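What follows is a single structure, written as structure tokens, with notes after it.
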Amino acid sequence: MRGGGGVAGPTELKAVANGVANQVEISWAAVAGATGYTLYQTTDNLSGFTNADPANLAAANPAAGSSTFAGTVTSTVETLSGADTVYYLITSTQGGVESLTSAAQTAATAHNFAFGTVTSTTEIIWMDRNLGASQVATSGTDTTAYGDLYQWGRPADGHQARANTAKTATLAPNLTPNHAQFITTTATPNDWTAAGVDDDGAARSEFWSRIDGSSICPTGFRVPLETELNNERASFSSKDIAGAFASSLKLPTAGTRADSTGTTSLTGVFASYWTNTVDGTVSRYFLLTATPSMQIAVNSRAYANSVRCIQN
């Protein structure tokens, strides 16, 4: 029998990248008395199929496939491919009766890079390296750990690659430039988008806060808020480059890329880490210097800074 019968459905359905390229771990809370679970997945958004008879999932486009698990299993590793986001719902089974689907879907998108995680002194889980870095920093000036430099709120469209010197002075007419050129500007408020395009930054803040992997961070991770990075700063043994590298985050001095010229500079001297916090027509970032003046400051959105993702 399918579709309820008084059987409770699982809750807390989550998807988190496990650090292996294109892999995510799907997990859910155990249901008392359950003898099994069925995980449904498809590239069709399943928000209209939540808390419903799982038989309805045949109407998804494409129809949802499924995997079954024994009652003691509450997680599975999924390998993803392609650019499409995959959506998941789950049911439990008890006494031969399958429950309604979970009340909320979860989603995951493939990512093509490997990483680890660290738990900071504030008990928050972070990626162990900057976005685009090939390894954890071995020193504050480890060039292999510098990673990419992102204009604030912009997708990973290639502009962020440190070796990419292509640039244009044409402001983006929308939030998806669909090219890899760094966008330069000298006009206030020094944004990479044209006037009238997300002036308040709300749409880009929403984009960088996504945890389904469709933004710049892997599934289950997002760009941190100002308060989250500031809490880490407060925990450092010293408020300078040495303290940042000595922390569990091992933050390197990755430099920045200027809004007016598109030139990368000050690598090995200081670092700027974006937050997802908006401040009028600018955005907040974490400034890391060689002197004890580490602080949260504001920067124009056309600047390109490092990103360290936080687990949601």
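The values are calculated or read from the model by the stated rules, or taken from the named source; none is laboratory data. Everything numeric here is computed off the predicted structure, so don't read it as measured data. Every residue, glycine as well, gets a Cβ built from its backbone with ideal geometry; the counts of neighbours run over all protein chains shown.
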Would you pick out the residues in the range 204-222 that are part of a helix (DSSP H, G or I) and either in contact with a Leu (Cβ under 6 Å, 6 or more places away or on another chain) or buried (at least 24 other Cβ atoms within 10 Å of the Cβ) (or both)? ARG204, TRP208
Selected residue [touching a residue at least 40 places away in the same chain (Cβ under 8 Å) and either closer than 17 Å to SER214 by Cα or over 21 Å from the mean Cα position of the chain (by Cα) (or both)] from GLY65, GLY33, GLY48: GLY33
Flagged in the range 116-171 as touching a helix residue (DSSP H, G or I) at 6+ places or on another chain (Cβ under 9 Å) and aliphatic (A, V, I, L, M), in numbering order, are ILE124, ALA133, VAL136, ALA137
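I'd like the full set of residues that are polar (S, T, N, Q) and over 25 Å from ASP198 (Cβ atoms), limited to the range 131-167.
The answer is SER134, GLN135, THR138, SER139, THR141, THR143, THR144, THR165.
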Would you point out the residue of the range 290-312, among those that are surrounded by 18 or more Cβ atoms within 10 Å (Cβ to Cβ) and among the aliphatic types (A, V, I, L, M), that is farthest from ILE125 (Cα to Cα)? ALA302
Within the range 288-301, is even one residue within 22 Å of LEU175 (Cβ to Cβ), at pLDDT 95 or above and touching a Gly at 6+ places or on another chain (Cβ under 6 Å)? no
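Return the only residue of LEU287, LEU225, LEU249 being among the aliphatic types (A, V, I, L, M), within 22 Å of the chain's Cα centre (by Cα) and buried (at least 20 other Cβ atoms within 10 Å of the Cβ).
Numbers: LEU287 fails: buried (at least 20 other Cβ atoms within 10 Å of the Cβ); LEU225 fails: buried (at least 20 other Cβ atoms within 10 Å of the Cβ).
It is LEU249.
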Of all residues in the range 285-295, which are assigned to a loop (DSSP other than H, G, I, E, B), out of contact with any helix residue (DSSP H, G or I) (no Cβ under 7 Å at 6 or more places or on another chain) and not polar (S, T, N, Q)? PRO292
Pull up the range 254-284, narrow it to residues that are more than 20 Å from the chain's Cα centre (by Cα), part of a strand (DSSP E or B) and in contact (Cβ under 8 Å) with a residue 40 or more places away in the chain, then point me to the one that is surrounded by the most Cβ atoms within 10 Å (Cβ to Cβ). ARG257
Applying the selection to the range 145-168, what residues are buried (at least 18 other Cβ atoms within 10 Å of the Cβ), among the small types (Gly, Ala, Ser) and part of a loop (DSSP other than H, G, I, E, B)? GLY147, GLY153
Every listed condition ((1) surrounded by fewer than 21 Cβ atoms within 10 Å (Cβ to Cβ); (2) in contact with a strand residue (DSSP E or B) (Cβ under 9 Å, 6 or more places away or on another chain); (3) assigned by TED's automatic domain parsing to the domain that holds GLY213) holds for ASP142 save (2)
For the range 190-216, name all the residues that are more than 23 Å from GLY147 (Cβ to Cβ) and either modelled with pLDDT under 95 or aliphatic (A, V, I, L, M) (or both). ALA194, ALA195, VAL197, ALA202, ALA203
If you go through the range 177-188, how many residues are in contact (Cβ under 8 Å) with a residue 24 or more places away in the chain and under 26 Å from the mean Cα position of the chain (by Cα)? 3
Counting only residues that are in a strand (DSSP E or B) and within 12 Å of VAL16 (Cβ to Cβ), how many does the range 108-123 have? 2
